[in-house]
Every structure is written in structure tokens, then in C-alpha cells.
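The values are calculated or read from the model by the stated rules, or taken from the named source; none is laboratory data. Model, not experiment: these values are computed from the prediction. Please note: Cβ atoms are built from the backbone with ideal geometry, for glycine as well, and neighbour counts cover all protein chains shown. Calculation scope for accessible area: heavy atoms of the full protein, side chains included, ligands and nucleic acids excluded. Shrake-Rupley method; radii C 1.70, N 1.55, O 1.52, S 1.80 Å.
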Amino acid sequence: MELLIKNGRILDPSTNLDFIGDIYIKNGIIEEIGQDLQYSAEKLIDAKGLWVTPGLIDVHVHLREPGQEYKEDIESGSRSAAKGGFTTICCMPNTKPVVDNEVVVEYINMKAKKAGLVNVLPIGAITKGQEGEILANIGKMAEAGICAISEDGKSVLDANLLRKAMQYASMFDLPILSHCEEPSLATGFMNAGEMSALLGMKEIYPESEEIIVARDIILANNAKAKLHLCHLSTKGSIQLLKEAKLRGEIVTAEVTPHHFTLTEEAVEGYDTNTKVNPPLRTRIDVEAIKCGLRDGIVDIIATDHAPHHIDEKNCEYEVAANGIVGLETSVSLTITELVNKGYLTPIGLVEKMSTNPARMLGIDKGTLEIGKIADITIINPSIEYVVNGQEFESKSKNTPFNGMKLQGKAMYTIVGGQVIMEDGKIRGEIQ
Amino acid sequence: MWNRKDLVGLKDLSQDQIMEILELAKAMREKIDNKEARKDSLKKFSVLTLFYENSTRTKTSFTMAAEFLGADVNDLGISTSSVKKGESLIDTAKNLDQMGADIMIMRHGMTGAPHLIAKNCRGSVVNAGDGVNEHPTQALLDMFTIHEHKGKFQGLKIVIIGDIKHSRVARSNVFGLTKMGANVVLAGPSTMITSNMKALGADVTSDLNAAVKDADVIIGLRIQLERQKAGMFPDIREYSQLFGINKKLLSLAKDDVIVMHPGPVNRGVEMSTDIIDGDNSLILDQVKNGVAVRMAVIKLLMEGRKNNGITN
Ligand SMILES: [Zn+2]
């Protein structure tokens, strides 16, 4: 099977490419990149006016399988990723049962293979059952192919145990993805700010996140661990990250599209689709996050794709589940909010959504280097559309972006040289 | 002409709508005073009370107001109902709505719960207190009492003292009173107020003396003893001495200051007995005005239903 992509804007920070040209793919491998490539290929893609980038990587998604397949499963999550332009996704271990041993890892690998769309890299838990008491089978899970460990959904509160986990994980070169939340300061349901005062809602303080960000940076530096901070949402967190980087410490961080797009003001009207953890913050925090991305302090954009059933959202705000589905709006929000508003260049987008995620995970992806596996995303940066959650491939439709007019969309998702998404259609439906 | 289906809070009401309620409440109050409350009853209609939190007083006040207007009032005993069986709030409300209640009076421990029901039901919803958010009829009766004695809102200095952060009464009062042009000062221990409250349009301080100076109205709030465990104040003794409303504090206010409290009062804690029973106190008037204000609200909502052709 050969594939020829013609006349696209080829964007790859890892090889320093930004030019209009062609890519020729043979047997799933990038054969040649250049201008006016003359090959007869089985499939020809006219990429005029489009961006051709290394396949996008989302390091933070919840696929809900095993255990909560009514929200999402590995197949529907893979379809959602493909539609959103992602070729690789990393799934969080807070499933039922928790991913805390190699058997569950292998189950996910098997299901992902069966879905056969995108690369699904499981993330293992830090502690057994995510109960914060005993280390999970980190070594055995590493053998089974996890890409990182995380207690996502909460923090490991026992600092000594986390320190041990960091030391242990460093033997296997696994990054630790840290969800930062001190629970005593997060008993409420939305950000502590003017909106919580206006809406009469119990509060989550920014310090809840910042205290753990500071703690984990200190612990990781001493344990020589690869720390990656998940979904930072406050100005204070960005500041702590910046200071650690200035000291030369090895730490990376991600932010989500909803945290750089929406403020706490979106909670007005008690729309439960705005309920997310960490919560939507203030305009000042949003600005700090965007500047953090612009200035290279924040490394990665990740969705924290968190599908929930309608019944878990159609209820009292306090009762509603935390989370937003993100795979199918991430590219559009990044272009609309960051590229179009001057915070990121197109190359910057690729860095945050492919190059840096691959580097953080230490995987051989996120590049258009010749000879590498052809995971490629092709994006139309100028197409405009209105978000309609009902059209999502994800089983769940919990998005606060319904009705929002966005610009930019993934047009092709290519995994291992195979086109798995074309103009919104998933392989099998593609003509 | 009244056109709102529900009364979920004062945040969304206009000045005119607030005045419309207060004026009608005045007429209702006169009827009550003349023992003619039942003379103005409406065509048969039905009212349902759903109290997910206990409050005998508020429920009784609403029930009497509805009965004076000729309603059939039913109470959904929450403890015995399907709520205990794990039915969702929306399902409970939708089921009740099918039974045809015109007005549902609802108290719930979670912010926004009445708003959710209002969106999902044909019946009109009156918020009788949601979470730490709003308690609109309590604020309306406070405003009625203030207006009755001061004849205006514009320019009045109104001080609310106590656990502001957890008080839906304070919040509804701030929304209503600032809208009408009063200057509202929120005062209490710094653990029970936040500067974010300024977003509501009020001044915020922990300096009670400065707060009360030249005040026209003082509203004390009930202190919840559980807050002690949550680290908001050390003990009752210290709270009452530093933040209680007493003679000495009152002497800083204007001579004709009026003192109110939504009840029930912890005597000697947030307010001393001589103040509660003193000449400046309107605490009992508030109770009587509560029925009048709730009659007005129910009457207007029923008119609104007629005007908008909503039937249930
Ligand atoms: Zn998380």
C-alpha cells in the first residue's frame, strides 16, 4: 500500500520542516519527503491548503474500559480519537478494575488491537486500586507496555509513598503523570472566585492544586524522576512550573483546551457540562496558561477526555460527574484560541500536540523523519464549523462547547500508513 | 404584568419586579391584619411543598400563604418518599409535575437544584432555599420589613452580620437590596466572608464597629454550630464576644436603626437577648410579613401562568 500526500504544508519541529511539499509513504513507512515527488501511489491525497503534521498524541484520555463501557469503550474512544486527528492516545488507569497489574494492561492492548484504529498506550496506576497504600505492579506493567504511571483522578497523598513510587518508576524510565489536588482544599464544586460568590456554589481553592504541584516538583527532583504535571489550571501552578524549569529541573506539564478556552463564568446557569476537575478558573488563570504555552513553559496540550453518560450530567451540579469530552474539539480549540490569537504558530501547535508528548513519553513517534512509521495528521486550518456534540464519535456527548463556532479541523488521520479517518468518516465508511 | 414562570432567586429579578412583589405584599399584609386574608382567594389551584431540608417555619409560612389564597397544599414527605429509594431529583420532580401541581415550593441542600427543576417542569418553582445560594422569599420579606419602616431603599446603610459565606439569606438580600439602591455591608469573621463577595456589589469587612457605624438596618444571621468544627471560629464564647450583636455595637448605629434576624435565633450567641426583645427589633414582624410576601409571590406566579397560558 502506497500513499502520496501532495502539496501540503509540511510541519515538523523534530526535523525542522515547514514547507509546501509532498510525502510518500510505502508499507507504513515514510519513504520520502520533498517537492514534486513523482510516484504512482494507491491513494493520493491533495493536501493543498492543509497542514501535514506528525500524528497527534493525546497523553491524557479516559477510555472507561474495562468497567464503564456505558460511558465509552476502547473502540468508541479510538473512533473519537481518529476523528479528532489523534494517532496515539494514552488511557488513564482509573477504570474498573483499576489498571494496577499486567493482566488489565494486556486486556486493554488486546481491545485496542481489536479496534485497530489508533495506537492506544495504557497508563498504569501508581498504587494498587488507586487506594494510595501499596505500590501497583509497576514493573510487570512496564513489561506489558505501559507508557507511564498515574493516579489520575486524585493525588497520592502519602508523600513518602509517592517518593518511593518515583524511585521505583525511574528504574523502568516511566514518567509519573501527576494529578495535583489536595482534597481538604477541594471540597466544593467550582473555582473559588467571583463566580462562586455570584452563584452560591461551594468552592475549590487554587491552592489545592498548587500545593501538590510544589510538593511533586520537590519530590521528583530529589528522586530523579520524570515528572509530568497533568491539566494545570492556575496561574500559581504555571509560576511554580516556570521556577522549576529555570532551576533546570526535569519536569513537563500539560494543559487542556477547556482550561485555555473557558473561564469560571461558563458555570453561570449551572450547566453541568462545565463541571470538571480541576475546575474552570478565572480570566487571569486562562491568560497565564496561554502565555505559558506561548513561552514554552507548558509543554503539552492534552484533552483529559472524560466521557460521562447523560444521566450523570442531567442532574444537580453538585451531583454531576466531573469531566468533558475533548478528543473531537481539541484541534479546533487550539487553532481557534491559540493559533488564531497569536499564542502559537502552526509549528508551535505541532510541538504541543505531537513532538513534546512523544518526547515526554520517550516513544519513537511525533516525527516525520524518513524511515519512521507513518503516523500523520492532516489538518484544515481554515474550515469553520459549529460544534454539535451529538455528532461526536464518542459514546458521550458531555461538551460545554456545543453551539460554539470554531475554526480548524483534522481532515485525515493516518496510522501506520493507513488512512483511518477521512473528512470525518472512520475507516470502513471511507469510500 | 408578571411574566416569570418561576421565582428561583433575586439575582435575576428587575427592580420593577421586586417592587411589584412588595406592593402586592403590602395589600396582602393589610388583608391579614384585617383578618380578611382568605377573602382574596384564587380559583382552585394546587401547591406542592418539597423540602429536602427540614424547616418547619418556612414550610408553614408557605403553606399558610397558599391556603389563604385557596390552594390545595400537599407536602411531599421527603423522608418517606422515593428520594430515599434513590430516585433522581429530576425524575421525582417530573413525576410530581405530571400530577398537575401549579406551584412547587422547594428547598434543597444543593445550589441550583430549583433551577434544574424549573427547567424540567411545567409547574412554577419557588425556591425556598437552595444550598448556599439563595432564599428569595426570606430576602423579600426582609426588604418588605425595611421598606415598611424606612419607606425607601435608596441610600440606606444595611449591615448583614455573621456567617455570610454560608448564608443564602445574606446572598438573596445582597442581590435584592443593592438592586434597589441600598448600600450593603457584609461583616463577619474573615473565615466566613470572602472578598469575592464584592462581586455581589456589597462592601465586605471584618471590622464590625466600622460596619455598624451609622447603620439604618442590621440583619443578624444564625450561626451554625457545625462551623466550629470546620475551623471557622474557635468557640461560641469567642464568637459571641467578638462578633455578637449587642447593646454596645448597636449604639454605633443610627438611633432609629432596625434589627432583624431570619430566625431561629441562638440567644446570646449571634445576638443578645436585650436586642432580640428590644425596641429596635422587628424579628416578629418579619414572621408576619413572611406570610404576606409569600402570598404575593404565589399570587403573581399564578397570574403569570394565566397570562402565559400555562396550565398543568
Ligand atoms: Zn486528572
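Details
- Some residue of region B:297-304 being open to solvent by 30 Å² or more (accessible area, probe 1.4 Å) and under 25 Å from B:THR60 (Cβ atoms): yes
- Test for B:VAL204: is it of a type outside the set (S, T, N, Q), crowded, with 23+ Cβ neighbours inside 10 Å and not in a loop (DSSP other than H, G, I, E, B): no
- Conditions (1) more than 16 Å from the ligand (Cβ to nearest atom); (2) of a type in the set (A, V, I, L, M); (3) in a strand (DSSP E or B); (4) farther than 26 Å from A:THR377 by Cα; number of the one not met by A:ILE149: (1)
- Of the set (1) within 23 Å of B:GLY109 (Cα to Cα); (2) among the charged types (D, E, K, R); (3) open to solvent by 40 Å² or more (accessible area, probe 1.4 Å); (4) at pLDDT 95 or above, all apply to B:LYS26 but (1).
- Of all residues in region A:237-269 being within 14 Å of chain B (Cβ to nearest Cβ) and crowded, with 23+ Cβ neighbours inside 10 Å, the one that is nearest to A:TYR343 (Cα to Cα): A:GLU264
- Of the strands (runs of 3 or more DSSP E) entirely within region A:1-118, those holding at least 3 residues that are away from the ligand (no atom under 16 Å from the Cβ) occupy A:2-12, A:17-26, A:29-34, A:43-46, A:51-54, A:86-91.
- Unique residue being within 16 Å of the chain's Cα centre (by Cα) and open to solvent by less than 10 Å² (accessible area, probe 1.4 Å) when the list is A:ILE57, A:ILE45, A:ILE25: A:ILE57
- Residues of region A:347-374 classified as open to solvent by 20 Å² or more (accessible area, probe 1.4 Å) and more than 17 Å from the chain's Cα centre (by Cα), total: 7
- Given (1) open to solvent by 30 Å² or more (accessible area, probe 1.4 Å); (2) within 18 Å of the chain's Cα centre (by Cα), number of the condition A:PRO122 does not satisfy: (1)
- Of all residues in region A:67-104 being in contact with a Leu (Cβ under 6 Å, 6 or more places away or on another chain) and not small (Gly, Ala, Ser), the one that is nearest to A:GLY416 (Cα to Cα): A:PHE86
- Residues in region A:152-189 that are small (Gly, Ala, Ser) and more than 16 Å from the ligand (Cβ to nearest atom): 6 in all.
- Selection count where residues are buried (at least 21 other Cβ atoms within 10 Å of the Cβ), modelled with pLDDT of 95 or more and assigned to a loop (DSSP other than H, G, I, E, B), scope region B:124-155: 3
- Matching residues in region B:217-273 - criterion: being part of a loop (DSSP other than H, G, I, E, B), modelled with pLDDT under 95 and of a type in the set (Val, Ile, Thr): B:ILE223, B:VAL265, B:VAL269
- Filtered residue count, region B:77-107, keeping only those that are farther than 20 Å from B:PRO136 by Cβ, more than 14 Å from chain A (Cβ to nearest Cβ), open to solvent by 20 Å² or more (accessible area, probe 1.4 Å) and at pLDDT 85 or above: 3
- Tally, over region A:375-396, of residues that are under 23 Å from A:TRP51 (Cα atoms) and either open to solvent by 50 Å² or more (accessible area, probe 1.4 Å) or at pLDDT below 95 (or both): 4
- The lone exception for A:GLU316 - which of (1) open to solvent by less than 10 Å² (accessible area, probe 1.4 Å); (2) more than 23 Å from A:VAL286 (Cα to Cα) it fails: (1)
- Annotation for region B:47-61: no member residue is of a type in the set (Phe, Trp, Tyr), at pLDDT 95 or above and either surrounded by fewer than 17 Cβ atoms within 10 Å (Cβ to Cβ) or in contact with a strand residue (DSSP E or B) (Cβ under 7 Å, 6 or more places away or on another chain) (or both).
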